[in-house]
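Worksheet: one structure, shown below.
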Amino acid sequence: MMLLTTPSFRLDGRRALVTGASSGIGLGCAVALAEAGADVTLAARREAPLTEAVEALRATGLSATARTLDITDIEATGVLCSEGPPFEILVNSAGLARHTPATETTAEDFDAVTGLNIRAAYFVAQAVARRLVAAGRPGSIIQISSQMAHVGGIDRAVYAATKHAVEGMTKSMAIEWGPHDIRVNTICPTFIRTPLTAPTFADPVRRKWIEEKIKLPRIAEVEDIMGATVFLASDAAGMVTGTSLLVDGGWTAG
């Protein structure tokens, strides 16, 4: 009897780009990919924490490079993606939230959030995919979306709208790029304990809301996203495309 072999979760020899990688979920994803063997380029706007993160990765023997980048600069993002071999893995973790009641949303906040969460997300995926198609290489594109891509939330009309949009473009890109063996998916976390969410967790009313919605008996941590990232980037997810991996503690279950 011939036994089956589990597809590998290793990423040795693959080149990865992680945006929003100076802290929080982005940094966690970069660490996870590097630990799995990928050569990871960490990109973010903040140079000091980005450099510190790369130095820490290199100190443990992992392969990492820092690039200061604002991905809302479409031209600069395209330049980065055109340098060297194609990125076979993209994790776009750059994102922005400005939560207000829908009646109080300003045009400035709307434009800032949509500009990063939709426009920049679209064009960084495009830049990576173009190189892969031209080189005839397979790849995995992962957008860090949100559970708010599947539900709504108080004070989150703009944020939820952007994440719903990311889900839509992910499905369409998966259809278009599937023939080139480029997989496109999202990871949809619940509230993760990061510096960005600290004000939310510090609010007793908001924290109670989160704890009531999550069905598991704890708050999510960045580590909960790391395994999901390696899975979607690897050959183990070779038939997974155009879908969402919900890491929401059961929030959207009901």
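What follows draws every value from the coordinates through simple rules; no lab data is involved. Quick caveat: nothing in here was measured; it's all calculated off a predicted structure. All Cβ positions, glycine included, derive from the backbone under ideal geometry; neighbour counts span all protein chains shown.
Seen against the Cα atoms of the chain and their longest principal axis, helix 204-213 is set at about 60 degrees. Here the stretch 15-247 is assigned +1 on the Cβ of each Lys and Arg and -1 on the Cβ of each Asp and Glu. Its dipole about the Cα centre then comes out at about 360 debye. Its relative contact order, with pairs defined as Cα atoms under 8 Å and 6+ residues apart, puts the chain at 20 percent.
Counted by neighbouring Cβ atoms within 10 Å, the residues 103, 170, 252 run from fewest to most as 103, 252, 170. Binning at 10 angstrom from zero up to the longest distance, how are the C-alpha pair distances of the stretch 10-66 distributed in percent? Distribution as computed: 30, 60, 10 percent.
The rule of thumb for compact globular proteins, 2.2 N^0.38 Å, goes into the C-alpha radius of gyration of the stretch 15-247 0.97 times. Summary of the geometry: the stretch 66-120 and the stretch 126-168, compared by the centres of their Cα atoms, lie 11 Å apart. Between residue 76 and residue 2, full extension at 0.36 nm per residue minus the direct alpha carbon distance yields a gain of 21.6 nm. Per residue of the chain, the DSSP helices (runs of n ≥ 4 H) give a summed -39500 (n - 2.57) that works out to -12500 deg cm²/dmol at 222 nm. The alpha-carbon atoms of the stretch 6-126, seen along their principal axes, cover 49, 33, 26 angstrom, with the largest extent given first.
Can you tell me the orientation of helix 223-233 relative to the chain, as the angle in degrees between its alpha-carbon axis and the longest Cα principal axis, to the nearest 10? The helix 223-233 is inclined about 40 degrees to the chain. Among beta bridges identified by DSSP and lying wholly in the stretch 15-247, the antiparallel ones come to about 0 percent. Each residue in 230, 124 was given a count of other beta-carbon atoms within 10 angstrom of its own, and listing them fewest first yields 230, 124.
In plain terms, the residue of 63, 146, 234 with the fewest other Cβ atoms within 10 Å comes first and the most crowded comes last, giving 63, 234, 146.
Against the longest alpha carbon principal axis of the chain, how many degrees, from 0 to 90 and to the nearest 10, is the axis of helix 24-35 turned? On a 0 to 90 degree scale, this one is about 20.
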